[in-house]
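Below is one structure, written out as structure tokens; comments come after it.
The values are calculated or read from the model by the stated rules, or taken from the named source; none is laboratory data. Computed from a predicted model, the values in this text were never measured in an experiment. Positions of Cβ are backbone-derived with ideal geometry, glycine not excepted, and every protein chain shown enters the neighbour counts.
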Amino acid sequence: MSLTFKVTRNENPATQEEREAILANPGFGDNFTDHMVRISWNPENGWHDAQVMPFGPITISPAAGVLHYAQEIFEGMKAYRHADGSVWSFRPERNAQRLQASARRLALPELPVELYLESVRQLLEIDKDWVPSGGESSLYLRPFMFGSEAFLGVRPSKQVEYYCIASPAASYFKSGIKPLTVWASEKFSRAGAGGTGAAKCGGNYASSMLGKAEAVENGADEVMFLDSETRTFIDELSGMNVFAVRADGSLCTPALTGSILEGVTRASILKIGEELGLTPREERLNFKQVLADIESGDILEMFACGTAAVVTPIGAFLTGEGKTVIGDGAQTEKTFAIRERLLNIQYGRSADEYGWMTKFVS
């Protein structure tokens, strides 16, 4: 599907000095580029009215469906500046396909993959100067879609808006990369069987926030959710998938049961693990057995992963019964080998044998 994008430039963009000051210390999700993309949908016209426009407030009716029935989905991806100044993204077609899967679950129209990719290209082309360079900085891209029809009735919205915005980003964790202490929540669930756990929608993140607050209250950095039916098996963290490195060389991650988001980073690590001599395994991980395997030395390392955090080691688990330290609390040999390989591909420092990178700006 092809649409012509109408481009309206921001008449009051950030000055070069303002932009450079932000890029020198961008934080994460605190600042935004000068423009955004919008594409509208309705049953009569399908996807139409594609625009690149100044970044700014969105006007919607107080009766818009998203405000009452949470008909909303989003994606998270990054753009990386390579050494030659070009701008690339990591497996963006996977994000486009996942947005489609989320749309199906939330009864929203599916945005064609090629239109998704073109929306990203349009935004990166006009705001290319916002893509930082150096270290692990990147431009975080947030495509999202919501029901905008003004109608108080429980049915799919007949008017939908898709947007893509961008935010320069430093490392997700302000304190730098260090092993996380993770609280295992036995009280709250992120998602349930038959629910929206496999979709990337705001409701899943809203339901995780109380568990995250509980984790902080107990001195942890992050929360990990167990399955809602038995509170036995590991699902995921508030916004990251989980991996375990075993002494036998296996690399284990919870199997996708419908309540776990299929992370793009997760899928990539399963491939990279093979390259590094590990044996990837997707299986249900009984949390109590995981704790026992940590104590026995069968599990040597654990880590969390996602687009924002990349790969982050887990040093210990906290439960109501106490603390279980993984190895010496800072055992990260395989974790950091995976992390480094992934980052080297993303930033163009090593060969991309998988064809994962897409160039958007030369």
With respect to Ala169, is the statement that it is surrounded by fewer than 23 Cβ atoms within 10 Å (Cβ to Cβ), within 23 Å of Leu343 (Cα to Cα) and touching a residue at least 12 places away in the same chain (Cβ under 8 Å) true? yes
Which pairs have Cβ atoms under 9 Å, sit 6 or more apart or on different chains, and link a residue in region 43-65 that is assigned by TED's automatic domain parsing to the domain that holds Ser148 to one that is buried (at least 17 other Cβ atoms within 10 Å of the Cβ) and among the basic types (Lys, Arg)? Asp49/Arg38; Ala50/Arg38; Gln51/Arg38; Val52/Arg38; Met53/Arg38; Ile58/Arg38
Close pairs (6 angstrom Cβ cut-off, 6 or more residues apart or separate chains): within 14 Å of Ser250 (Cβ to Cβ) in region 285-299, of a type in the set (Val, Ile, Thr) and surrounded by 15 or more Cβ atoms within 10 Å (Cβ to Cβ) anywhere: Leu285/Ile234; Asp293/Ile299
Test: residue in region 193-205 that is without any contact (Cβ under 8 Å) to a residue 40 or more places away in the chain and in contact with a Lys or Arg (Cβ under 8 Å, 6 or more places away or on another chain): no
Checklist (1) more than 22 Å from Ala169 (Cα to Cα); (2) surrounded by fewer than 21 Cβ atoms within 10 Å (Cβ to Cβ) applied to Leu285, failing item: (2)
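Residue-wise test of (1) of a type outside the set (Val, Ile, Thr); (2) over 17 Å from Ser250 (Cα atoms).
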{"site": "Glu301", "(1), (2)": "yes, no"}
{"site": "Ala309", "(1), (2)": "yes, yes"}
{"site": "Pro313", "(1), (2)": "yes, no"}
{"site": "Gly320", "(1), (2)": "yes, yes"}
{"site": "Lys323", "(1), (2)": "yes, yes"}
{"site": "Gly329", "(1), (2)": "yes, yes"}
{"site": "Thr332", "(1), (2)": "no, no"}
{"site": "Leu342", "(1), (2)": "yes, yes"}
Evaluate region 342-354: report whether one residue or more is touching a Cys at 6+ places or on another chain (Cβ under 9 Å), within 25 Å of Ser102 (Cβ to Cβ) and hydroxyl-bearing (Ser, Thr, Tyr). no
Consider region 131-185. How many of its residues are within 25 Å of Ile39 (Cβ to Cβ), outside any loop (DSSP other than H, G, I, E, B) and hydroxyl-bearing (Ser, Thr, Tyr)? 5
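To keep it simple, each residue is scored yes or no on (1) of a type outside the set (Ser, Thr, Tyr); (2) assigned by TED's automatic domain parsing to the domain that holds Glu75; (3) at pLDDT 95 or above.
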position	(1), (2), (3)
Asn241	yes, no, yes
Thr253	no, no, yes
Thr257	no, no, no
Glu262	yes, no, yes
Gly277	yes, no, yes
Glu282	yes, no, yes
Single residue of region 6-44 satisfying the filter (of a type in the set (Phe, Trp, Tyr) and crowded, with 19+ Cβ neighbours inside 10 Å) that is farthest from Ile60 (Cα to Cα): Phe32
For region 255-267, what are the residues that are part of a helix (DSSP H, G or I) and touching a residue at least 60 places away in the same chain (Cβ under 8 Å)? Val264, Thr265, Ala267
In this structure, does Leu270 turn out to be in contact (Cβ under 8 Å) with a residue 24 or more places away in the chain and closer than 30 Å to Arg142 by Cβ? no
Going through (1) part of a loop (DSSP other than H, G, I, E, B); (2) closer than 27 Å to Met77 by Cβ one by one, Gly211 fails only at (1)
Among the residues of region 176-198, how many are surrounded by fewer than 20 Cβ atoms within 10 Å (Cβ to Cβ) and aliphatic (A, V, I, L, M)? 3
Confirm whether Thr196 is part of a strand (DSSP E or B), of a type in the set (S, T, N, Q), at pLDDT 95 or above and not assigned by TED's automatic domain parsing to the domain that holds Arg94. no
Within the bounds of region 48-70, is there any residue that is in contact with a helix residue (DSSP H, G or I) (Cβ under 7 Å, 6 or more places away or on another chain) and not aliphatic (A, V, I, L, M)? no
What do you reckon, is Glu114 over 17 Å from Gly202 (Cβ atoms), surrounded by fewer than 19 Cβ atoms within 10 Å (Cβ to Cβ) and within 19 Å of the chain's Cα centre (by Cα)? no
Please work out if Glu75 is surrounded by fewer than 20 Cβ atoms within 10 Å (Cβ to Cβ), within 22 Å of the chain's Cα centre (by Cα) and within 30 Å of Ile345 (Cα to Cα). no
Could you check, for region 313-320, whether at least one of its residues is of a type in the set (A, V, I, L, M) and surrounded by fewer than 21 Cβ atoms within 10 Å (Cβ to Cβ)? yes
